[in-house]
Amino acid sequence: MDDVLILPLGDPDAAEKLIAAHADELAAVIFEPKAGTLDIPSDMSSRVREMTSRHGVLLIYDEIVAFRLARGGAQEYFDIRPDLTTYGKVVGGGFPVGAFGGRADLMDQFDPRTGKGIGQSGTYSANPVTSAAGLATLNALTPPAYTRLNALGDRLRDGLNAGFATHKLPAVAAGMGSLFAIYLTDNGSAPHDYRSSLALDRTHVQDTFLSLCNSGQYLPFGLSMCALSLPMGEQEIDGLIAVAVDAIATSTGHTLSTSE
């Protein structure tokens, strides 16, 4: 920890000040432009890029999750170009995988033909099975496929929040693209960083999870890192909305209201 500076994810002003104050010490800033389903300020990405460029600090994007947003990941979505990018999960089609890339002058450091630079290898580097699975996934994730997935994500989050509001339930749905989370909170807003997520009351999360399972809907246990996939359609989305509203009402002791 003595060699790491932690930037506050939900506070662009504080992040700018820290980068400026420690620019001469920073080897790089590692930034996750879409940290799970946290509600990160919209200008966080652009301001971190601006500050790192101004002070000559490398910016490394963690696109492990954000690659779900667009064919070109969060950097395409936000129109920002980092210096290096790391990938995983989605790019492997479900197989164990990691990948990275970036500026040509930086990637040239890994070229073994030069006789200098940095060695890079691993037991499963260029594994043919993972590579084939990843290539098949990338061929399936066309721009129209991303557009449809993101539209389903909007439909789900909007539908959940409309249901929560109608029945005055202490919950909020958040996320972006095909990513979503359900937070059981009565303040009407999703957490914007790790610390605020820890402050949430999780008393009814387990009961909600079990109620969803009993209704045929399997979400991650914490309800806070969920994702849609290409086989899903509007029928699955609308079914989840109805079941989730009922499950949260049951687990939190609310009675669903009805109207003509």
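Computed values, structure above
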| quantity | calculated |
| --- | --- |
| Relative contact order (%) - region 12-140, alpha-carbon pairs under 8 angstrom, separation at least six | 19 percent |
| Rough spin-label spacing in nm, given labels placed 7 Å along Cα→Cβ, for A99 and A20 | 3.8 nm |
| Cα-based shape type of region 27-85, given that a ≥ b ≥ c are square roots of the gyration tensor eigenvalues and the cut on a/c is 1.5 | prolate |
| Volume per residue of the C-alpha convex hull in the chain, rounded to whole Å³ | 166 Å³ |
| Cα→Cβ-extended label distance, 7 Å offset, between E236 and V129, nm | 2.5 nm |
| Calculated FRET value between V243 and A27, using beta carbons and R₀ = 45 Å, to 0.05 | 0.40 |
| Inter-probe distance in nm under a simple model that places probes 7 Å from Cα toward Cβ, at D43 and T252 | 3.2 nm |
| Cα long-axis angle, helix 44-55 against the chain (0 to 90 degrees, to the nearest 10) | 20 degrees |
| Degrees, to the nearest 10: 143-166 long Cα axis against longest axis of the chain | 40 degrees |
| Å³ per residue enclosed by the Cα convex hull of region 12-140 | 129 Å³ |
| Most mobile of A140, A171, A70 in a GNM of the chain (Cα contacts under 10 Å) | A140 |
| Cα gyration tensor shape for region 163-205, rounded if a/c is under 1.5, else prolate or oblate | oblate |
| Gyration tensor verdict on region 147-260 (Cα atoms; rounded if a/c is under 1.5, prolate if a/b is larger than b/c, oblate otherwise) | rounded |
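No lab work stands behind these numbers, since they all come straight from the coordinates. Treat the numbers as computed from the prediction; the structure is a model and nothing was measured. Backbone-built Cβ (ideal geometry, glycine too); neighbour counts: all protein chains shown.
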